[in-house]
Amino acid sequence: MILIIDFGSQFNQLIARRVREGKVYCQVEPPSIPIDAIKTLAPKGIILSGGPASIYAKNSPRVDAAIFDLGIPILGICYGMHFMVDTLGGKVKQAARREYGFAEFTAKGRSRLLAKVDKHSQCWMSHGDSIVALPKGFSVIGTTDNTSVAAAQNARRRFYGLQFHPEVVHTVKGTQMIHNFIYDICGCKRSWTMQGFARDTVTQIRDTVGDQKVILGLSGGVDSSVTALLVHKAIGRQLTCIFVDNGLLRKEEAANLKLRLKQHLKINIRFVSARNRFLRALAGVTDPERKRKIIGKVFMDVFEAEAKKIKNAKFLGQGTLYPDVIESQSAFGGPTAVIKSHHNVGGLPKKMKLKLLEPLKYLFKDEVRQLGKALGLDDDLVWRQPFPGPGLAIRVVGEITRRRLEILREVDAVLLDEIRKAGYYRKLWQSFAVLLPIKSVGIMGDGRTYEYIAAIRAVTSKDAMTADWARLPHALLGRISNRIINEVRGVNRVVYDISSKPPSTIEWE
Ligand code: XMP
């Protein structure tokens, strides 16, 4: 494995992605990780990430300098390189000119890190400090116009540093450099596969759980489904999943889940129908945040009541993914403004004193999908677009009524049908319909209509942090609109949302 020390760079997850894509296991840890813990992990190499601090600032983050005595290769990126240089006796200073964005990298001399990298290539810089003196034993292996030490090495000790960011796509040969480091310099093999992960994890779950019982909240999404499948493989009937039907799901969603997970895969699931309870609690509520809070609270009550029926449960299974873990352990991720208070199914019943079982907590989303496939999950579920916990409640803008939910469900079903048929479902991050709380005039046959407006939202995105509206073909949009207005009673107008995020958000509420 490769150990990545997280100095707080906004790109640290990308480093992990690049290593994992190369089928090498890696783990991201904060600089406070004790040297003994590092020895236990026994990494074949360490990558020191970038970060926002200056190495010469007071309290700049540092990892135990004993890493340089482990005898393993180390690659420092940006701040990580500064840390290496500073610790080993070189000097870093504030640069005369800050450098941000594209630069032309020129390779110098010979280095295993730069094998198969062109003499001139584009790299991506983001720094205000520069190296002015290298430690003994180091030499320069690359420069840019503005930075005389853009890459350096101590080949004998296998220490390498890059001032720029090889993990971002703008550094054209960045992946090659990372591959040179992990395969050639560290000697890692391409051995990290989801089949292997599944095998090891099933054994681990068995060892941890023994003959105890596990409860797991199913949301219908890929993360909780894959978690359920993995735990089911490990302990079978000792697992009880709970699926709460809140009446805010899409058409036939609960039935589909039942068919796939319960009937086909034989997972032990309790379906709790709580539609009326949710609807009653939401009656008359129009504020989006209040909707979220109410749904979260009712969900917790229903889930807890059901979970209590399962006597002697000791564990709560949860589909936590690695990006959340990295984010929550980062010492540098400052508080961000709450735009929408998300609630996640499963992370709720703290009162029940259950131990957490989070078998996916070292995986990224695309790895979870691969794992789902390896475990035999349907393509439909594996490739499901994200669906928010509060469901259709935040897509029926304004007041939620049974009728308005029903209309939206029908509109959404038509939309998804057309998107799938046109081969767009997997290309889009999300595609869904929103029902507006206003009516407009239309004409149907010879009569005047006065009905609701449906908005279509389709976005592309990598991680939902930013998103762009999808340039769907006009013909497809035309078909969607036609079918909705013809097939769904209560809607006589369809509009397409052409806002990106930011400044808009993906969901309307
Ligand atoms: P926004 O609307 O903030 O959404 O751009 C970003 C992503 O988060 C999803 N989303 C939610 N997921 N509970 C969830 O579990 C929520 O309350 C919630 N609100 C938004 C949204 O679908 C998108 O993928």
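Taking 41 Å as R0, compute the FRET efficiency from the Cβ-Cβ separation of residue 65 and residue 505 and round it to 0.05.
Details: r = 44 Å, r/R0 = 1.07.
With a Förster radius of 41 Å, E is 0.40.
When every alpha-carbon pair in the range 58-116 is counted, what percent end up more than 15 Å apart?
Details: 1123 of 1711 pairs.
So the portion of pairs separated by more than 15 Å is 66 percent.
Which trypsin sites (Lys or Arg not before Pro) in the range 140-207 pass both tests, a DSSP loop state and at most 11 other beta-carbon atoms within 10 Å? Intermediate values should be presented prior to the final figure.
Details: sites: 156, 157, 158, 173, 189, 190, 199, 206; in loops: 156, 157, 158, 173, 189, 190.
The qualifying sites are 156, 189, 190.
Taking 30 Å as R0, compute the FRET efficiency from the Cβ-Cβ separation of residue 136 and residue 21 and round it to 0.05.
Details: r = 35 Å, r/R0 = 1.18.
It comes out at approximately 0.25.
What is the packing order of peptides 254-264, 212-222, 45-55, 368-378, taking the mean over residues of other C-beta atoms within 10 Å and listing the highest first? Don't skip to the end; give the middle numbers.
On the way: 254-264: 16.4, 212-222: 21.8, 45-55: 23.6, 368-378: 19.4.
Highest mean packing first, the order is 45-55, 212-222, 368-378, 254-264.
Beyond 33 Å, what percent of the Cα pairs of the chain remain?
Working: 64014 of 129286 pairs.
For the chain, the share of Cα pairs beyond 33 Å comes to 50 percent.
Take the alpha-carbon centre of the range 34-97, take the same for the range 489-504, and report the distance between them in whole Å.
Going from one Cα centre to the other spans 48 Å.
Quick one: Cα centre-to-centre distance for the range 151-181 and the range 384-456, in angstrom?
Cα centroid of the range 151-181 versus Cα centroid of the range 384-456: 48 Å apart.
What residues have an amide H closer than 5 Å to that of residue 92, excluding those fewer than 5 places away on the same chain, when H is modeled at 1.01 Å from N in the peptide plane?
132
Give the residue list of chymotrypsin sites (Phe, Trp or Tyr not before Pro) in the range 179-248 that are DSSP loop and have at most 15 other beta-carbon atoms within 10 angstrom. Kindly include the intermediate steps, with their values, before the conclusion.
Details: sites: 181, 183, 192, 197, 243; in loops: 192.
Passing sites in the range 179-248 do not exist.
Only residues of the range 140-171 count here: report those whose backbone N is under 18 Å from the spot 7 Å along Cα→Cβ of residue 91, or say none.
Taking a point 7 Å out along Cα→Cβ of residue 91, the residues of the range 140-171 whose backbone N falls under 18 Å are 140, 147-150.
Quick one: what are the phi-derived ³J(HN,Hα) couplings along the range 26-43, Karplus 6.51/-1.76/1.60 with θ = phi - 60°, whole Hz, x for glycine and proline?
9, 9, 9, 10, x, x, 6, 4, x, 4, 5, 5, 5, 4, 5, 5, 6, x
Quick check: net charge around residue 327, other residues with Cβ under 15 Å of its Cβ, Lys/Arg +1 and Asp/Glu -1?
Values: positive: 17, 361, 365; negative: 6, 29, 324, 358, 463.
So the surrounding residues net to -2.
Amide H neighbours of residue 138 under 5 Å, counting only residues 5+ apart in sequence or on other chains, H built in-plane at 1.01 Å?
Answer set, sorted by chain and number: none.
For a label point 7 angstrom out from the Cα of residue 35 toward its Cβ, which stretches of the range 59-99 have the backbone nitrogen within less than 14 Å?
Residues 63-72, 88 fall inside that zone.
In angstroms, what radius of gyration and Dmax does the range 2-185 have, counting Cα atoms only?
14.7, 42
Can you give the helix-only mean residue ellipticity at 222 nm for the chain, where every DSSP H stretch with n ≥ 4 adds -39500 (n - 2.57) and the sum goes over all residues, rounded to the nearest 500 deg cm²/dmol?
Numbers: 14 runs with 152 residues, N = 509.
After summing the helix terms and dividing by the residues of the chain, the value is -9000 deg cm²/dmol.
Between residue 366 and residue 421, what FRET efficiency follows from the Cβ-Cβ distance if R0 is 35 Å, with the result rounded to 0.05?
0.90
Enumerate the amide H contacts of residue 218 below 5 Å, restricted to partners 5 or more residues apart or on another chain; note that Pro and chain-start residues carry no placed amide H.
HN-HN under 5 Å from residue 218: 242, 243, 244.
In the range 161-187, which residues have a backbone nitrogen under 17 Å from the label point lying 7 Å from residue 120's Cα in the Cα-to-Cβ direction?
In the range 161-187, the label zone of residue 120 (backbone N under 17 Å from the point 7 Å along Cα→Cβ) covers 172-173.
I need the peptides 145-152, 485-492 ranked by packing, meaning the mean over residues of other C-beta atoms within 10 angstrom, with the highest value on top.
145-152, 485-492
Report, ordered by chain and residue number, the aspartates and glutamates lying within cross-link reach of residue 119, taken as a straight Cα distance under 12 Å and ignoring same-chain residues fewer than 8 apart.
The reachable aspartates and glutamates, counting only those whose Cα sits under 12 Å from residue 119, are 104.
What trypsin sites (Lys or Arg not before Pro) in the range 36-84 are in a loop by DSSP, with at most 11 other Cβ atoms within 10 Å of the Cβ? Before the final figure, lay out the partial values.
Numbers: sites: 39, 44, 58, 62; in loops: 44, 58, 62.
In loop regions of the range 36-84 (DSSP not H, G, I, E or B), the sparsely surrounded trypsin sites (Lys or Arg not before Pro) are 58.
Past the 28 angstrom mark, what percentage of all C-alpha to C-alpha distances in the range 194-382 do you count? Numbers along the way, then the final one.
Details: 4699 of 17766 pairs.
Result for the distance tail: 26 percent.
To make sure I understand the rule: partners must be lysines, Cα under 23 Å from the Cα of residue 314, and not fewer than 8 residues away in the same chain. Which ones qualify?
Answer for residue 314, where 23 Å is the Cα cut-off: 213, 233, 262, 266, 297, 350, 351, 353, 355, 361, listed by chain and number.
How large is ³J(HN,Hα) for each residue in the range 165-176, as worked out from phi by the Karplus curve 6.51 cos²θ - 1.76 cosθ + 1.60 (θ = phi - 60°), to whole Hz, x for Gly and Pro?
9, x, 7, 8, 5, 5, 7, 4, 9, x, 5, 4
Determine, for each peptide in 9-19, 90-100, the mean count of other beta carbons within 10 angstrom over its residues, then list the peptides with the highest first. Provide the component values of the computation, followed by the final result.
Numbers: 9-19: 21.9, 90-100: 14.3.
Put in order of decreasing packing, that is 9-19, 90-100.
Just so you know, all these numbers are worked out from the coordinates, no wet-lab data involved. Please read these numbers as outputs of a predicted model, since none were measured by experiment. Cβ: placed from backbone, ideal geometry, glycine included. Neighbour counts: every protein chain shown.
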